[in-house]
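Engineer: Below is a structure I'd like to ask you about.
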Number of protein chains: 2
Amino acid sequence: MGRIDQLNKAFESRVRLGIMSILMVNDWMDYKAFKEQLDLTDGNLASHISGLEKLEYITVRKRFIGKKTNTSYKITALGKREFQSHINALEKLLNSF
Amino acid sequence: MGRIDQLNKAFESRVRLGIMSILMVNDWMDYKAFKEQLDLTDGNLASHISGLEKLEYITVRKRFIGKKTNTSYKITALGKREFQSHINALEKLLNSF
DNA sequence: TAAAAGTGCTTTGAAAAACAAAGTTAATTT
DNA sequence: AAATTAACTTTGTTTTTCAAAGCACTTTTA
């Protein structure tokens, strides 16, 4: 029986789902790439990212590429676990039919 | 490539996901059963149900069992299509890893 | 038969979340 | 010097979530 309380509230939004599933396959993904791939405004992306950061599901790396600033994000071990178990719960819920 | 804009906003919440996946397998499901299975308050359940009703993803049937009122819900053809395609989009998104 | 309880809501209202637009800092290219 | 880019933050609006209370109606119980 799939139970909805096993789904993680942090992953309910499409934006979060998108961010996390990108980070499941890409080791470091940078801000600009997210913005383009997910077609988000700065404010929207930044707030979702900082939400996931606060939960420690992703980490940030700031550096310079040449002389330009570059900010990238990586999924944490915790983030991976939580996302994976969210997916499992989703599948359980949906595979009841 | 899974694109987040193919996910249906109407199905983002855990409650909606729960309602819809129950209705994918149960032909008619009644109010009280939803309330118990999903562990929701009346207000919460009713508002999600009326949202799905407004979108015509579910229909209502009111009748008497004995002399008691009984309200049940059924998924519509549209609801089934939309939910299915939401699931497909979800799977596409998540199967990119 | 009066009071309590149940069903299925609607209304109210508070809190949280989503989101866009504009502003910001610091550097960079033109 | 002016315009552009990166990566945000701030502000403010709209939407969503959700619980609590109220309500109409019926049924059960004392």
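For every residue, the table says whether it meets (1) more than 12 Å from the chain's Cα centre (by Cα); (2) within 11 Å of DNA strand C (Cβ to nearest atom); (3) under 26 Å from residue B:21 (Cβ atoms).
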{"residue": "A:8", "(1), (2), (3)": "yes, no, yes"}
{"residue": "A:14", "(1), (2), (3)": "no, yes, yes"}
{"residue": "A:34", "(1), (2), (3)": "no, no, no"}
{"residue": "A:42", "(1), (2), (3)": "yes, yes, no"}
{"residue": "A:73", "(1), (2), (3)": "no, no, no"}
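Engineer: Of everything in the stretch B:52-80, what is more than 14 Å from chain A (Cβ to nearest Cβ) and either among the aliphatic types (A, V, I, L, M) or under 30 Å from residue A:84 (Cβ atoms) (or both)? Give them in sequence order.
Structural biologist: B:52, B:55, B:57, B:58, B:60, B:65, B:77, B:78
Engineer: Could I ask something else about it? In the stretch A:58-97, what residues are among the hydroxyl-bearing types (Ser, Thr, Tyr) and within 17 Å of residue A:24 (Cα to Cα)?
Structural biologist: A:59, A:72, A:73, A:76, A:85
Engineer: So, in the stretch B:56-70, of the ones that are over 14 Å from residue B:18 (Cα atoms) and surrounded by 14 or more Cβ atoms within 10 Å (Cβ to Cβ), which residue ends up farthest from DNA strand C (Cβ to nearest atom)?
Structural biologist: Per the criteria, the residue is B:59.
Engineer: Next question, about the same structure. Take the conditions of a type outside the set (Val, Ile, Thr), within 14 Å of chain A (Cβ to nearest Cβ) and within 30 Å of residue A:20 (Cα to Cα) and apply them to residue B:83. Does it pass?
Structural biologist: yes
Engineer: State yes or no: is residue B:29 surrounded by 13 or more Cβ atoms within 10 Å (Cβ to Cβ), modelled with pLDDT of 90 or more, away from DNA strand C (no atom under 15 Å from the Cβ) and at negative phi? Outline the logic, then answer.
Structural biologist: Values: surrounded by 13 or more Cβ atoms within 10 Å (Cβ to Cβ): yes; modelled with pLDDT of 90 or more: yes; away from DNA strand C (no atom under 15 Å from the Cβ): no; at negative phi: yes.
It is false that residue B:29 is surrounded by 13 or more Cβ atoms within 10 Å (Cβ to Cβ), modelled with pLDDT of 90 or more, away from DNA strand C (no atom under 15 Å from the Cβ) and at negative phi.
Engineer: Sticking with this one: Can you tell me how many residues within the stretch A:16-25 are crowded, with 18+ Cβ neighbours inside 10 Å and away from DNA strand C (no atom under 16 Å from the Cβ)?
Structural biologist: 1
The values are calculated or read from the model by the stated rules, or taken from the named source; none is laboratory data. Given the structure is predicted, the values throughout are model-derived calculations rather than measurements. Heads up, the Cβs are rebuilt from the backbone with ideal geometry, glycines too, and the neighbour counts pull from every protein chain shown.
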